[in-house]
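K.L.:
Questions regarding the structure given below will be posed in turn.
The values are calculated or read from the model by the stated rules, or taken from the named source; none is laboratory data. This one's a predicted model, so the numbers in the text were calculated from it and none came from an experiment. FYI the Cβ positions are ideal-geometry reconstructions off the backbone, even for glycines, and counts take in every protein chain you see. The accessibility values were calculated without ligands, DNA or RNA, using every heavy atom of the protein model including side chains. Shrake-Rupley method; radii C 1.70, N 1.55, O 1.52, S 1.80 Å.
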Amino acid sequence: WLLGSLTYLAVNLQCWARSLRRRAAMEHVIATISTRFINSRPRDVSAHVEIALEELGTHLGAARAYFVVAGERLRVYKWSRRGVPFPAGWPQSALQISGRFARQDKEAVQIHDVCALEAGDGADALLAADLQGWLFIPSRGEQRPSAVLGFDTLRPGPIARPGELSLLRMACDAI
């Protein structure tokens with residue numbers, strides 16, 4: 001009994017330590033991104049956004065990452081893993097589709113399995129974009145989001161762990 005209890009505690013401690021290391025690594029990525037933006041010149045911002053997307057996407061294990069901003073003209077910044085192209089029209093349509101799934105609290109929305117969604121405009125558009133998992137963070141302050149930070153996976157499952165969602169809000173705000 002004692003040996004079983006100690007083994008159980010050791011395994012839980014290892015899981016907790018891994019989780020803390022991953023969170024600390026995410027905090028470091030976000031601090032680096034924020035510092036880069038603070039020290040940047042206006043002409044360098046686009047390049048910094050794409051670097052930030054690569055860093056965040058790589059940390060999360062995403063296949064693609066993007067930041068889409070509405071305005072007089074749609075601005076799209078994107079990154080993808082080597083060999084993982086963006087389907088036609090994606091991520092340009094991510095801003096519109098995110099409005100169908102966005103929560104009132106404007107926090108991150110994570111869809112673990114796109115195939116499990118009920119058929120409809122949003123689900124059909126996500127499937128057409130070859131997504132299996134989707135995580136997005138809408139901009140705050142407006143009725144409809146004017147910007148969205150998104151991450152795609154080509155396999156079902158969570159992209160971020162629950163404790164990382166608030167950190168991703170900070171990353172979206174920094175970008």
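K.L.:
Kindly indicate which of Arg64, Arg41 is open to solvent by 80 Å² or more (accessible area, probe 1.4 Å) and either without any contact (Cβ under 8 Å) to a residue 60 or more places away in the chain or of a type outside the set (S, T, N, Q) (or both).
P.N.:
Arg41
K.L.:
Continuing with this model, one more query. Any chance segment 82-101 includes a residue that's within 15 Å of the chain's Cα centre (by Cα), at pLDDT below 90 and within 15 Å of Ala171 (Cα to Cα)?
P.N.:
For segment 82-101, residues within 15 Å of the chain's Cα centre (by Cα), at pLDDT below 90 and within 15 Å of Ala171 (Cα to Cα): absent.
K.L.:
Checking the condition without any contact (Cβ under 8 Å) to a residue 12 or more places away in the chain, open to solvent by 70 Å² or more (accessible area, probe 1.4 Å) and out of contact with any helix residue (DSSP H, G or I) (no Cβ under 6 Å at 6 or more places or on another chain), which residue from Ala88, Ala123, Ala47 passes?
P.N.:
Details: Ala123 fails: open to solvent by 70 Å² or more (accessible area, probe 1.4 Å); Ala47 fails: open to solvent by 70 Å² or more (accessible area, probe 1.4 Å).
Being without any contact (Cβ under 8 Å) to a residue 12 or more places away in the chain, open to solvent by 70 Å² or more (accessible area, probe 1.4 Å) and out of contact with any helix residue (DSSP H, G or I) (no Cβ under 6 Å at 6 or more places or on another chain) holds for just one of Ala88, Ala123, Ala47, which is Ala88.
This table checks each residue for (1) modelled with pLDDT of 90 or more; (2) open to solvent by 40 Å² or more (accessible area, probe 1.4 Å); (3) within 17 Å of Val148 (Cα to Cα).
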residue	(1), (2), (3)
Ala10	no, yes, no
Arg22	no, yes, no
Val76	yes, yes, yes
Glu107	no, yes, yes
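K.L.:
From the set of residues in segment 26-38 that are touching a residue at least 12 places away in the same chain (Cβ under 8 Å) and open to solvent by 40 Å² or more (accessible area, probe 1.4 Å), which is nearest to the chain's Cα centre (by Cα)?
P.N.:
Looking at residues that are touching a residue at least 12 places away in the same chain (Cβ under 8 Å) and open to solvent by 40 Å² or more (accessible area, probe 1.4 Å), I get Glu27.
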